[in-house]
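These notes are about the structure you will find just below.
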Amino acid sequence: MDEEKKVSPFRPVSLWAFFGNLIILVLGVFLLFWHQQSLPPKIPLWFSQPWGESRLSDPAFLWLLPLLIAFFLVVNNGWAKFLEKNHPQLALLLVWTSFLIAIVCFFPLYRIILAVI
């Protein structure tokens with residue numbers, strides 16, 4: 001009689017990836033709150049635009065990066081939880097991809113704030 005393990009729906013697929021995401025998200029939000037008053041009225045954010053005024057943006061748009069981290073954290077962990085039973089490798093790939101996305105979003109945020117302060 002093989003009893004199936006009961007898995008909590010609130011337990012993340014990978015604790016390391018989940019907490020890594022949370023740490024990066026909290027660092028990004030803290031960084032923005034800490035330097036919010038010292039940011040200039042225009043910051044370089046849209047690097048895909050041609051050189052000049054079109055690259056500049058309001059500092060409020062920097063909040064898109066932590067929001068993107070939070071979005072992928074929730075969506076990828078939700079899908080991973082859904083796929084964990086039948087496709088555990090795909091579930092792990094999803095949560096570690098969200099961790100990679102968090103790193104890729106945090107470093108430009110850090111570099112932009114470092115460059116304008």
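Some notes on this structure:
- Pair list, Cβ under 7 Å, 6 or more apart: the stretch 94-108 residue closer than 13 Å to G78 by Cα, other residue open to solvent by 30 Å² or more (accessible area, probe 1.4 Å): L94/W79; V95/F18; S98/F72
- Residues being farther than 25 Å from I112 by Cα, open to solvent by 100 Å² or more (accessible area, probe 1.4 Å) and at pLDDT 85 or above - total across the stretch 1-25: 1
- Positions within the stretch 83-99 being open to solvent by 100 Å² or more (accessible area, probe 1.4 Å) and at pLDDT 90 or above, in sequence order: N86, Q89, L93, W96
- Selected residue (criterion: most open to solvent (accessible area, probe 1.4 Å)) from residues of the stretch 26-58 that are in a helix (DSSP H, G or I), at pLDDT 90 or above and farther than 27 Å from T97 by Cα: W34
- Screening L62 with (1) open to solvent by less than 70 Å² (accessible area, probe 1.4 Å); (2) assigned to a loop (DSSP other than H, G, I, E, B) gives one miss only, at (2).
- Pair list, Cβ under 8 Å, 6 or more apart: the stretch 22-49 residue in contact (Cβ under 8 Å) with a residue 24 or more places away in the chain, other residue of a type in the set (D, E) and in a loop (DSSP other than H, G, I, E, B): I43/D58
- Which numbered condition N86 misses (of (1) over 28 Å from P12 (Cα atoms); (2) outside any helix (DSSP H, G or I)): (1)
- If the condition is being over 19 Å from S38 (Cα atoms), surrounded by fewer than 18 Cβ atoms within 10 Å (Cβ to Cβ) and of a type in the set (V, I, T), then the stretch 100-117 contributes I103, V104.
The values are calculated or read from the model by the stated rules, or taken from the named source; none is laboratory data. What you see is a predicted model, and the numbers here were worked out from it, not measured in a lab. Reconstructed Cβ throughout: ideal geometry from the backbone, glycine too, with neighbour counts over all protein chains shown. The area values use the complete protein model at the heavy-atom level, side chains included, leaving out ligands, DNA and RNA. Shrake-Rupley method; radii C 1.70, N 1.55, O 1.52, S 1.80 Å.
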